[in-house]
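Data first, discussion second: the structure below is written as structure tokens.
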Amino acid sequence: MGRLHTGELAELRHSLGLRPKPDVVVLYHGLNDLVPSLTPGFRSDYSHSRRSYAATYWRTRLASRLPDLRWWKSYSYATAKVLGHGNVRYDVLPGVQVSRPDTTAPFAGLATERRNIEHLVHLCRAKGIRVIIGTFAYYRYAAAADDPVKHRYGDGVREENAMLHGIAAATGATLVDIAGEIPFDDAHFVDSVHFTPEGMRFVARGFAEAIRAR
């Protein structure tokens, strides 16, 4: 489930009471909470950083009805800047963003993220569901080696992974240390966070072995 943060994942607690009940829940999560954590005016419900797309969808609808004058570059630029592209695929992320993160700020939301993950773990365990937590692999590839924003998010991922080790130790959840085991190279990553097929096989094997180990 891409682009969910732990606040949204915590809402899945409602579905955990339904049948059939899962035997195992695997949590591989790392980067999505860092954006609200760096966004000014932190709130524990993340409303300072994210909103419903319904609040801005009117822009996408309006932009989709404007004439397509892509040969007129200044017109295309202005409409995209003000309204969007008229395509949900391109408009949804800026449409849900309330304000931009400040990558020079401290990570204000790590305690909230920890609370959310611990809540999920305890709820699963109370229902007899085994929890497997994976540390998050963040690759600083050559082209981004000098990018301070990439470095800042890398710092945040390290803090999150240390937190995940602590949560697993405190709750008895199974930890799969993906970040500590995967080779950080172009054979396994296409960018900082997305895997090549070989990288996906590596991650899948790690979680599969943890599931079978019980």
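Readers should treat all values here as calculations from the given coordinates under stated rules, not as data from a laboratory. Since the model is a prediction, treat every value here as computed from it, not as a measurement. Reconstructed Cβ throughout: ideal geometry from the backbone, glycine too, with neighbour counts over all protein chains shown.
Here is how the numbers come out for the structure above:
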| read-out | value |
| --- | --- |
| Full-stretch length increase - Asp147, Tyr90 - with 0.36 nm per residue and alpha-carbon distance subtracted | 18.1 nm |
| Theoretical ellipticity at 222 nm over the chain - DSSP helices of four or more residues, -39500 (n - 2.57) apiece, nearest 500 | -14000 deg cm²/dmol |
| Extension gain (nm, one decimal) between Arg125 and Thr103, 0.36 nm per residue minus Cα-Cα | 4.4 nm |
| Antiparallel DSSP beta bridges within the chain, as percent of all bridges there, nearest 5 | 20 percent |
| Cα-centred dipole magnitude for the chain, charges only on beta-carbon of K, R (+1) and D, E (-1), debye, nearest 20 | 940 debye |
| Whichever lysines have a C-alpha closer than 20 Å to that of Lys127, once near sequence neighbours (fewer than 8 apart) are set aside | Lys21 |
